[in-house]
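Quick notes on the structure that follows.
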Amino acid sequence: MYIGSAAGVGKTFRMLTEAHAFAARGVDIVIGFIEPHGRAETAALVRGLEVIPRRRVSYRGVLLEEMDVDAIIARHPQVALVDELAHTNVPGSKHLKRWEDVLELLESGIDIVTAVNVQHLESLNDIVARALGVTVRETVPDWVISRAEQVVNIDLAAEDLRQRLLEGKIYGRDKIPSALANFFTEENLTTLRELALREVASSVDRAREDIVRRVEGTPAPLRTADRIVVAMASDPPQTAMLLRKASRIAGRLNTDWYCVYVQTPDERADRIDATVQRHLVNNIQLAQSMGADVVKLEETAVAPAICRFASEHGVSLVIVGQSTRSRWHQLLHGSVVDALLRNEIGLDVLVVAFRGREGK
């Protein structure tokens, strides 16, 4: 998997170069989906490689093209190139996202070479929005990235990338001024570059630990001491941020993590507000997409239920969002955060601040 800081750093070019090297060694390799974006030097590298024809889909009167997963499986090469991992497929496709297409190809026994920009990692969504002022809609769960046998960073200095943009090697001439003034600022590109380097460094560290264990013949370490629990309330507006934070921490520790929702009597299905119920379902689906084991507990008191679950499952760290209730409300009804902080089982508690955002 190739990770880059932004469009134009050379991910697709590198993929195609590697494909020619594979073919020269006799590897059966095909192009499942490559998008040259009008770049002549990239398009030239497609020549000489077998391309699986795309599937044409009519959507709202427009004929669109998508990767043909079934055709690739039927051809069954050793390796397939699949670009733009975060892409959202046309409605009505076999899968909603291209990364889901890739998982099916992997399950069918086909190795994949793919690429994605770092801002599309799900757990970085809040960081990118805060640092760049851009909300990325198409994301890839971090657990998909962790499945890659090798993660390679395609690095390019911010000034060099801006020069490529000026030369028309990334976007058409009409889009260059806007891109330079907005997304492709030197500050933004430097931030994204740092995020990409950090992500790949974490991947290398995890891979090195696995190699050392295999060489030395030592078993994988028990993970019980590092398991993480996220305490998820039914309807806080910051839940997505909390889940992404937990996903990043679990990824750094290379460990399992749980998302625990404690359903109190006031939140039974016959009492809970329909809007709150919808938000809860969406948050549960988001947690699952990021690799969490989601657990629902039916208890009267939230903090004791979480502590009991942590004790039974060998959890050492619970992550909870900063309370946005008024101090008066906390005095009258108590605070889950305060109760967790006073736990007597040696459970560490990380309270995530919501940076002054308004919440319920």
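For (1) in the same structural domain as residue 155 (by TED's automatic domain parsing); (2) surrounded by 17 or more Cβ atoms within 10 Å (Cβ to Cβ); (3) not hydroxyl-bearing (Ser, Thr, Tyr); (4) not in a strand (DSSP E or B), each residue gets a yes or a no:
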| site | (1), (2), (3), (4) |
| --- | --- |
| 12 | yes, yes, no, yes |
| 17 | yes, no, no, yes |
| 21 | yes, no, yes, yes |
| 27 | yes, no, yes, yes |
| 35 | yes, no, yes, yes |
| 47 | yes, no, yes, yes |
| 58 | yes, no, no, no |
| 81 | yes, yes, yes, no |
| 94 | yes, no, yes, yes |
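Each row is one residue, and each column tells you yes or no for (1) in contact with a Ser or Thr (Cβ under 8 Å, 6 or more places away or on another chain); (2) under 26 Å from residue 291 (Cα atoms); (3) not assigned by TED's automatic domain parsing to the domain that holds residue 251.
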site	(1), (2), (3)
155	yes, no, yes
180	no, no, yes
186	no, no, yes
194	no, yes, yes
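For segment 60-75, filtered to residues that are touching a residue at least 12 places away in the same chain (Cβ under 8 Å) and in a strand (DSSP E or B), the residue that is nearest to residue 33 (Cα to Cα) is 66. The lone criterion from (1) crowded, with 22+ Cβ neighbours inside 10 Å; (2) under 19 Å from residue 8 (Cβ atoms); (3) of a type in the set (Asp, Glu) left unmet by residue 122 is number (2). Filter segment 224-245 down to the residues that are in contact with a Phe, Trp or Tyr (Cβ under 6 Å, 6 or more places away or on another chain) and modelled with pLDDT of 85 or more, then identify the one that is surrounded by the most Cβ atoms within 10 Å (Cβ to Cβ). Looking at residues that are in contact with a Phe, Trp or Tyr (Cβ under 6 Å, 6 or more places away or on another chain) and modelled with pLDDT of 85 or more, I get 232. Of the residues 100, 194, the single one that is in a helix (DSSP H, G or I) and over 14 Å from the mean Cα position of the chain (by Cα) is 194. A count restricted to segment 166-191 and to residues that are in a loop (DSSP other than H, G, I, E, B) and exposed (fewer than 12 other Cβ atoms within 10 Å of the Cβ) stands at 2. Taken together, the residues in segment 279-317 that are under 16 Å from the mean Cα position of the chain (by Cα) and exposed (fewer than 13 other Cβ atoms within 10 Å of the Cβ) amount to 1. The C-beta contact set for segment 258-273 (first residue charged (D, E, K, R), second residue crowded, with 18+ Cβ neighbours inside 10 Å, distance under 6 angstrom, 6+ apart or interchain) comprises 267/234.
Consider segment 27-68 and keep the residues that are among the acidic types (Asp, Glu) and at pLDDT 90 or above. The one that is farthest from residue 84 (Cα to Cα) is 28. Candidates 90, 118, 113: the one that is β-branched (Val, Ile, Thr), more than 25 Å from residue 248 (Cα to Cα) and either assigned by TED's automatic domain parsing to the domain that holds residue 151 or touching a residue at least 60 places away in the same chain (Cβ under 8 Å) (or both) is 90.
The values are calculated or read from the model by the stated rules, or taken from the named source; none is laboratory data. Note that the coordinates shown come from a computational prediction; the quantities given were computed from them, not determined experimentally. All Cβ positions, even for glycine, are placed from backbone atoms using ideal geometry, and neighbour counts span all protein chains on display.
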